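What follows is a set of notes on a single structure, which appears directly below.
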Amino acid sequence: MLISLDNITLRINGHRLLENTTWTIHKGQNWAIIGPTGSGKTLLARAIGHQIPVVQGSVQHFFAQPDPALGRTKNILTLSTHTHQQFMQRFSTYHQARWQSIERDESPIVANLLTANSIVQVSPYEIDPPLPDPQRFAKKQAEVISLLKLTPLLPKHIHLLSHGESRKVFIARLLLQSPQLLILDDPLIGLDPQSRATLAAGITDLIRQQAVQVLFITTRADEIPPDIRHLLVMQDGHIAAQGARMQLLNDPKLQNLVSPPPASRQAYKGNAAFDAMIASYADDSSPTPAALVEMQNVSVRYGQTGILHNINWTVRQGECWALLGHNGAGKSTLLSLILADNPQAYANHISLFGKRRGSGESIWEIKRRIGWVSPELHIYFRKTVTCLDAVCSGFYDSNGLYHSCTADQTAASHNWLQILDMASLAEVPFNALSTGQQRLILLARALVNNPPLLILDEPCQGLDESHRRVFLDLLDQLCEGTNLSLIYVTHYADELPASIDHHLRLKQGCVI
């Protein structure tokens, strides 16, 4: 055996979870965990790493001793939304830091983050630091850089990277530590199609070389690498099935869990909460200009690095845009100019809601008219608030709630939780939810203030097919029933709302 879970039960925030769960991973086995949003996939992975209190049963590890020559300091390493967040928060404590030139200068470059000293985190005061064997590490470093196609990123500051690019750097750091078990929790989210294919091929190579055992967690059965031959299926906080992958994938009783059929369109019209929300949009007397965003020859540069080049773009009321492009194409930088997070907006010809940037408007006047969801927001959002307070914070565009909401604001927040079928989670801490559930709460936060412009950057990360369908149906019917303008970013063609009627595609900072 490598890991044994014997009749365990977990406790989080006073709730007993994964009751009486038993599972064994043997040496040489590579597993995938699949199941709907909120089914307990990530909790099970965290239990393996002793990150959650076990109130019943036991979790046992049977690893060999760590080998310092390999750079191994831990036997289990995890890629997840949470660990990626922790990694990025080491370099800044607020999401706007990415756009501040001073902050960029102080952040390390990627090449320095992939050195032995950085990986092992050697103290400068150690006389005989336990560094890995230099030749073995150099060989491993070259293999990982080649595997993930990181060479173009090596001279860049970590803050200069897109979310998907920084994710690849974090994966590289995990691989360089040579763990015995690598837990990959939705590893392909945030990556463009080419990067997904590259990483999937790399995972397959690692498995075939027996360099590491892999535990692969996903909501998409078609993304499981072919050499992973064991499957565990989760449902409602319990193990629904476990065994040989192909046998379970072909089991008719499990089809709705491992490969759910396309869901039919969900009708929101006639739902009292949804109709009330649509009516509140119609009752909003705030004037909205025909053009919400106007950019003329917009360029962004940091030192010798150009990010955006001569962008001309107009977003009008009622238009629904898809903003597309590879990792590092400049999408997030473009959105930062609209969200009033990037000071280089003042050096360009940009008008938002009919007012030229720099003509006297405050940042908060702009933010009050925009609802948004993004990986950066998710990374830096305060996790200890309740779900209701997280939604209420949308009235103030704050990272957590620091104001007392009015009765009307609280009612509107409850209304959105009801629309998303999450009313029962109102008083549950935000950090007790799965990644997908957190994304839905952030969507409610984005919409609670009836914004005329909605910006959604990779909003479906962590959602299973059923929840994606619910999410997209809601967006489409919201766009049909209001004059809402939408800017939507995704790397998955099946996640584009049907209401999209315009496309803007970037490549290396240029409109193509």
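Where a number appears in this text, it was derived from the coordinates with a stated rule and is not lab data. Please read all numbers here as calculations on a predicted model, not as lab measurements. As a convention, Cβ positions derive from the backbone with ideal geometry for all residues, glycine included, and neighbour counts pool all protein chains shown.
A straight chain from Arg173 to Ala272 at 0.36 nm per residue would run longer than the Cα-Cα distance by 30.7 nm. Pairs exceeding a 22 Å alpha-carbon distance, out of Lys331/Lys383; Lys74/Lys168; Lys140/Lys331: Lys331/Lys383; Lys140/Lys331. With each label modelled as a point 7 angstrom along the Cα→C-beta vector, the Gln235-Asn250 pair spans 2.1 nm.
If both residues of a DSSP beta bridge must be in the chain, then about 50% of such bridges are antiparallel.
Placing R0 at 25 angstrom, the Cβ-Cβ distance between Thr314 and Trp364 gives a FRET efficiency of 0.55 after rounding to 0.05.
Here the relative contact order of the chain, from alpha carbon pairs under 8 Å that lie six or more residues apart, stands at 18 percent. Summarising the amide proton neighbourhood of Val489: residues at separation of 5 or more, or on other chains, whose placed amide H is nearer than 5 Å comprise Leu323, Leu456, Asp457, Glu458. So which lysines can Lys253 reach, going by Cα to Cα under 27 Å and dropping same-chain residues fewer than 8 places off? Partners found: Lys41. As a calculated quantity, the FRET efficiency between Arg11 and Ala291 at R0 = 45 Å, using C-beta atoms, amounts to about 0.25.
Please work out the FRET efficiency for the pair Lys355 and Leu496, using the Cβ-Cβ distance as r and a Förster radius of 51 Å; give the result to the nearest 0.05. In this case the efficiency is close to 0.95. Remark: spin-label model distance Thr384-Thr198 equals 3.9 nm, labels positioned 7 Å along the Cα→Cβ axis.
Amide H contacts for Arg220 (H built 1.01 Å from N in the peptide plane; partners 5 or more residues away or on another chain; cut-off under 5 Å): none found. Less than 5 angstrom separates the built amide H of Ile307 from those of Val300, Arg301, Tyr302, all sequence-distant by 5 or more or on a different chain. Residues Trp416, Trp23, arranged from fewest to most other Cβ atoms within 10 angstrom of their Cβ, appear as Trp23, Trp416. Model label sites at Lys74 and Gln135, defined 7 Å from Cα along the beta-carbon direction, differ in position by 3.0 nm. Against the chain, whose longest principal axis comes from its Cα atoms, helix 435-447 is set at around 10 degrees. Here Lys355 is the anchor, and the aspartates and glutamates within straight C-alpha reach of less than 17 Å, apart from those fewer than 8 places off in the same chain, are Glu294, Asp341, Glu365. For region 423-434, the Karplus equation 6.51 cos²θ - 1.76 cosθ + 1.60, evaluated at θ = phi - 60°, returns couplings of 4, 5, 9, 3, 9, 7, x, 4, 6, 8, 8, 6 Hz by residue, with Gly and Pro reported as x.
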